[in-house]
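Inspection log for the structure reproduced underneath, given as structure tokens.
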Amino acid sequence: MNSILKDVVAVPSSQGNAIGYLTWNSLSNMLITPDELKQKLVDSGLGAGWMPKDIRLPDAFRRATSEKFKREVSPGVYENYMFREVASTSTFVQRNLVCETKDTKGRRLKYVPDVGALVLDRKTETVETSYISSMAQQLVNNAALQFEIYRNNYGSTTLRTLITNVLKSMSPTPVRPSGGVYFIPAQFESNLDALVKFVSSLEKGEAEKVPVMNTMDMKNMVTRKLLDHLRDTLAACEESTERQLTKGQMKELIENARSVANDFAQYREIVTGDLEEMERLVSALRMKVGEALVNMAV
């Protein structure tokens, strides 16, 4: 990140000489209630319209039963505990606690598919537990407690998705190959301010923005990064024809390509040099999106 920022001069945006902003954020694991999240969105200026979908009980239930546990029961012999879904109907979801005993060479010595179980009743919204050992009792009861937490709180994964969606609405261009730092055009300054305020208000969140001056060097930097972004997006579309993507993955790829193509309009007054290459890439992206939509409809 330092190599990216070393030539970027922070100046007061009120001077009107910023073409945009570099921004980055981070969020550690945390929980937040829907009411608190909604209030923070409103207070930041983003608005309640960015609220994620309501927490689904089955999702909270599966999340609470996703952890694994391992213990050594004798020299070189281990018990691995994990939950496995055995039934999901309109009335209930059942997840069994499995115990697999293995040695250090990975050989399975024993397998018990039901040392414990949790059953979510969709109608009463309650969980029933059962177990056949003290260890199973501990793990099952802990999962039941986790369920009560997750059913009433959003987690970091949901928050990161929310932050990413807000960022996507501001025509971002990644400026690092590994991601994490983005250029945002100046016309989105108020939106970016709201996002930075929101992320910073979270218990485990941090966010920053640095103005990028209206100089030829900075315009050239943005131009290079935008070209890289267009090329990488087009390459991902072309490679998708050789990979067997799920419908969900294909839909995400199409939406991203369409967004990147449409975002180009926000950069016409920023980029330098001949726009012919960029316009060719944008046209190719739109064509790939059209082809993908046709293929999905077949």
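Leaving out ligands and nucleic acids, note down the accessible area per residue over the range 124-259 with a 1.4 angstrom probe, in whole Å².
Heavy-atom accessible area per residue stands at 53 Å².
For the range 103-147, give the magnitude of the charge dipole about the Cα centre (Cβ charges: +1 Lys/Arg, -1 Asp/Glu; no others), in debye to the nearest 20.
340 debye
Can you work out ³J(HN,Hα) from phi for every residue in the range 190-196, in order, using Karplus 6.51 cos²θ - 1.76 cosθ + 1.60 and θ = phi - 60°, giving whole Hz and x for Gly and Pro?
3J(HN,Hα) across the range 190-196, in whole Hz: 5, 5, 5, 4, 5, 5, 4.
For K40, list the aspartates and glutamates whose Cα falls under 12 Å from its own Cα; do not include residues on the same chain fewer than 8 positions away.
Straight-line reach from K40, under 12 Å: E203.
Once phi is turned into θ = phi - 60°, what whole-Hz ³J(HN,Hα) does the Karplus curve with 6.51, -1.76 and 1.60 give for every residue of the range 94-106, x standing for Gly and Pro?
Computed from phi, the couplings for the range 94-106 are 10, 10, 8, 8, 9, 10, 10, 9, 9, 9, 5, 8, x Hz.
Rounded, prolate or oblate: pick one for the range 44-96, where a ≥ b ≥ c are the square roots of the eigenvalues of its C-alpha gyration tensor, a/c under 1.5 means rounded, and failing that, prolate if a/b is larger than b/c, else oblate.
Oblate is the answer for the range 44-96, as a/c is 1.5 or above yet b/c matches or exceeds a/b.
Excluding ligands and nucleic acids, what accessible area in Å² is computed for S200 using a 1.4 Å probe, to the nearest 10?
Rounded to the nearest 10, the figure is 60 Å².
Beyond a 23 Å Cα-Cα separation, which of these cross-linked pairs lie in this structure: K168/K209; K68/K168; K70/K110?
As for pairs spanning more than 23 Å Cα to Cα, those are K68/K168.
Give the label of the value calculated from the structure for semi-axes √(5λ) of the Cα gyration tensor in Å, choosing from (i) 46, 24, 20; (ii) 52, 36, 16; (iii) 29, 25, 18.
(i)
Over the Cα atoms of the range 65-145, Rg to Rh with Kirkwood Rh, two decimal places?
1.04
Could you please state how large a percent of the accessible area of the chain is carbon and sulfur, counting protein chains only and using a 1.4 Å probe?
Ligands and nucleic acids excluded, carbon and sulfur give 48 percent.
Longest exposed-loop-site-free stretch of the chain, with GluC sites (Glu not before Pro), DSSP loop and at most 14 other Cβ within 10 Å?
Here the longest segment lacking exposed loop sites spans 126-202.
Give me D for the range 159-298 in µm² s⁻¹, whole number, from Stokes-Einstein with Rh from the Kirkwood sum over alpha-carbon pairs, 37 °C and 0.692 mPa s.
Once the numbers are plugged in, D ends up at 200 µm²/s.
Could you grab the relative contact order for the range 236-298? Cα pairs under 8 Å, six or more apart, rounded to a whole percent.
It comes to 47 percent, rounded to a whole number.
Under the classification rounded if a/c is under 1.5, otherwise prolate if a/b is larger than b/c and oblate if not, where does the range 154-225 fall, given a ≥ b ≥ c as square roots of the Cα gyration tensor eigenvalues?
prolate
So, counting K/R as plus one and D/E as minus one, what does the shell of residues with Cβ under 12 Å around A194 add up to?
0
Please compute the contact order of the chain in relative form: average sequence separation of alpha-carbon pairs under 8 Å and at least six residues apart, divided by the residue count, as a percent.
Relative contact order for the chain comes out at 24 percent.
Starting at the first residue of the range 129-139, write each ³J(HN,Hα) from the Karplus equation 6.51 cos²θ - 1.76 cosθ + 1.60 with θ = phi - 60°, in whole Hz, x for Gly and Pro.
Rounded to whole hertz, the list is 10, 8, 6, 10, 8, 5, 5, 4, 4, 4, 6.
The values are calculated or read from the model by the stated rules, or taken from the named source; none is laboratory data. Predicted model only: the values in this text are computed from it and were never measured. Every residue, glycine among them, receives a Cβ derived from its backbone with ideal geometry; neighbour counts consider all protein chains shown. For accessibility, only protein heavy atoms count, side chains too; no ligands or nucleic acids. Shrake-Rupley method; radii C 1.70, N 1.55, O 1.52, S 1.80 Å.
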